[in-house]
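J.: Below you'll find the structure I mean.
The values are calculated or read from the model by the stated rules, or taken from the named source; none is laboratory data. On a predicted model such as this, the values are computed, not experimentally measured, just so you know. Quick reminder, even Gly has a Cβ in these numbers, built from the backbone with ideal geometry, and neighbours come from all protein chains shown. Side chains are part of the model used for accessible areas, which takes the heavy atoms of the whole protein and leaves out ligands, DNA and RNA. Shrake-Rupley method; radii C 1.70, N 1.55, O 1.52, S 1.80 Å.
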Amino acid sequence: MKFFVDSADLDQIAYLNDIGFVDGVTTNPSIIAKSGRDFIEVIKEICAMVEGPVSAEVTATEADAMIAEGRKLRKISKNVCVKLPLTLDGLKACKVLSGEGTQTNVTLCFSANQALLAAKAGATFVSPFIGRLDDIGVDGMELIEEIRIIFDNYGYETEILAASIRNGGHAKACALVGADVMTAPPEVIRKMAEHPLTDKGLAAFLKDWEKTGQSIL
Ligand code: G3P
């Protein structure tokens with residue numbers, strides 16, 4: 001499963017990128033607002049740091065304007081992936097931009113039928129939002145399972161990009177049901193390395209090692 005970082009925090013992205021955990025980055029208007037940075041500038045900097053796709057979201061709501069924004073965004077770097085909302089206008093813009101060879105990420109997907117339309121529109125990625133479904137008492141993972149079955153039934157190449165990942169449980173469930181990608185905040189990815197028994201075991205090993213009086217270097 002590919003890991004995208006859902007953030008515009010350059011330091012956090014760089015930290016995970018240096019370990020080799022960053023296959024791409026996703027942003028949205030809320031993340032850009034939180035960064036306090038200029039949208040184009042911050043996308044340019046992320047694209048220079050990361051090799052994989054970097055999602056930059058349009059803010060127009062009408063197809064022609066979305067297409068114009070997408071064409072501007074893709075000029076920032078060859079790894080810009082134009083993010084479009086899952087509306088009929090967004091799907092229309094997706095069809096045009098994907099047809100021009102631009103990477104596209106259709107976002108705010110909350111149903112299997114919406115995902116099917118994104119695939120038919122030629123999206124590179126579709127982003128079902130797991131956490132926001134859980135927030136309203138709907139099992140977000142069931143949606144990922146349904147989309148996996150539908151895409152496999154017809155051989156759609158659109159990748160399932162599980163988004164709105166809030167914890168390690170979501171990450172594990174995505175891997176178990178075969179999401180192609182998950183995008184998660186940096187802190188969620190970092191926490192995946194943690195286990196109390198790892199900490200306890202390491203402390204005991206180091207204490208015993210000290211008793212030997214040896215050093216490896
Ligand atoms: O990639 C979409 C994601 O940022 C949404 O996450 O936690 O705001 O629901 P969240």
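J.: Please work out which residue is most open to solvent (accessible area, probe 1.4 Å), limiting yourself to the stretch 17-43 and to residues that are part of a helix (DSSP H, G or I) and more than 16 Å from the ligand (Cβ to nearest atom). Give the derivation first.
T.: Of all residues in the stretch 17-43, those part of a helix (DSSP H, G or I) come to 17-19, 29-35, 39-43.
Filter once more, so that each one left must be more than 16 Å from the ligand (Cβ to nearest atom): 17-19, 40-41.
On the way: Asn17: 42, Asp18: 135, Ile19: 90, Ile40: 52, Glu41: 79 Å².
Applying the filter and picking the extreme gives Asp18.
J.: Right, here's the next one. Considering only residues that are crowded, with 22+ Cβ neighbours inside 10 Å and β-branched (Val, Ile, Thr), which ones fall in the stretch 134-171?
T.: Those that are crowded, with 22+ Cβ neighbours inside 10 Å and β-branched (Val, Ile, Thr): Ile144, Ile147, Thr158, Ile160, Ile165.
J.: Turning to a different aspect of this structure: Test Glu210 against the criterion of being open to solvent by less than 90 Å² (accessible area, probe 1.4 Å) and more than 26 Å from Gly20 (Cα to Cα), and give yes or no.
T.: Details: open to solvent by less than 90 Å² (accessible area, probe 1.4 Å): no; more than 26 Å from Gly20 (Cα to Cα): yes.
No: the conditions fail for Glu210.
J.: Suppose the filter is more than 19 Å from Gly24 (Cα to Cα), in contact with a strand residue (DSSP E or B) (Cβ under 9 Å, 6 or more places away or on another chain) and open to solvent by less than 70 Å² (accessible area, probe 1.4 Å); does Phe129 pass it? Give the steps one after another, and end with the answer.
T.: On the way: more than 19 Å from Gly24 (Cα to Cα): no; in contact with a strand residue (DSSP E or B) (Cβ under 9 Å, 6 or more places away or on another chain): yes; open to solvent by less than 70 Å² (accessible area, probe 1.4 Å): yes.
Spelling it out, it is not the case that Phe129 is more than 19 Å from Gly24 (Cα to Cα), in contact with a strand residue (DSSP E or B) (Cβ under 9 Å, 6 or more places away or on another chain) and open to solvent by less than 70 Å² (accessible area, probe 1.4 Å).
J.: Looking only at the stretch 44-65, which residues are in contact with a strand residue (DSSP E or B) (Cβ under 6 Å, 6 or more places away or on another chain) and either assigned to a helix (DSSP H, G or I) or over 15 Å from Val106 (Cα atoms) (or both)?
T.: Matches in the stretch 44-65: Ile46, Cys47, Val50, Gly52.
J.: With the structure loaded, tell me whether Ile76 is modelled with pLDDT of 95 or more, open to solvent by 20 Å² or more (accessible area, probe 1.4 Å), part of a loop (DSSP other than H, G, I, E, B) and not small (Gly, Ala, Ser) or whether it fails that test. Explain how you work it out, then say what you get.
T.: Working: modelled with pLDDT of 95 or more: yes; open to solvent by 20 Å² or more (accessible area, probe 1.4 Å): yes; part of a loop (DSSP other than H, G, I, E, B): yes; not small (Gly, Ala, Ser): yes.
It is true that Ile76 is modelled with pLDDT of 95 or more, open to solvent by 20 Å² or more (accessible area, probe 1.4 Å), part of a loop (DSSP other than H, G, I, E, B) and not small (Gly, Ala, Ser).
J.: Before we move on, is Ala8 of a type in the set (A, V, I, L, M), farther than 14 Å from Thr107 by Cβ, within 14 Å of the ligand (Cβ to nearest atom) and not in a loop (DSSP other than H, G, I, E, B)?
T.: On the way: of a type in the set (A, V, I, L, M): yes; farther than 14 Å from Thr107 by Cβ: yes; within 14 Å of the ligand (Cβ to nearest atom): yes; not in a loop (DSSP other than H, G, I, E, B): no.
For Ala8, the condition - of a type in the set (A, V, I, L, M), farther than 14 Å from Thr107 by Cβ, within 14 Å of the ligand (Cβ to nearest atom) and not in a loop (DSSP other than H, G, I, E, B) - is not met.
J.: Can you tell me how many residues in the stretch 87-109 are surrounded by fewer than 18 Cβ atoms within 10 Å (Cβ to Cβ) and not charged (D, E, K, R)?
T.: Qualifying residue count for the region: 4.
J.: Would you point out the residue of the stretch 180-197, among those that are within 16 Å of Val5 (Cα to Cα) and more than 13 Å from the ligand (Cβ to nearest atom), that is most open to solvent (accessible area, probe 1.4 Å)?
T.: First, pick out the residues of the stretch 180-197 that are within 16 Å of Val5 (Cα to Cα): 180-193.
Subsequent filtering for residues that are more than 13 Å from the ligand (Cβ to nearest atom) retains 180, 189-193.
Details: Asp180: 46, Ile189: 7, Arg190: 100, Lys191: 131, Met192: 85, Ala193: 85 Å².
Applying the filter and picking the extreme gives Lys191.
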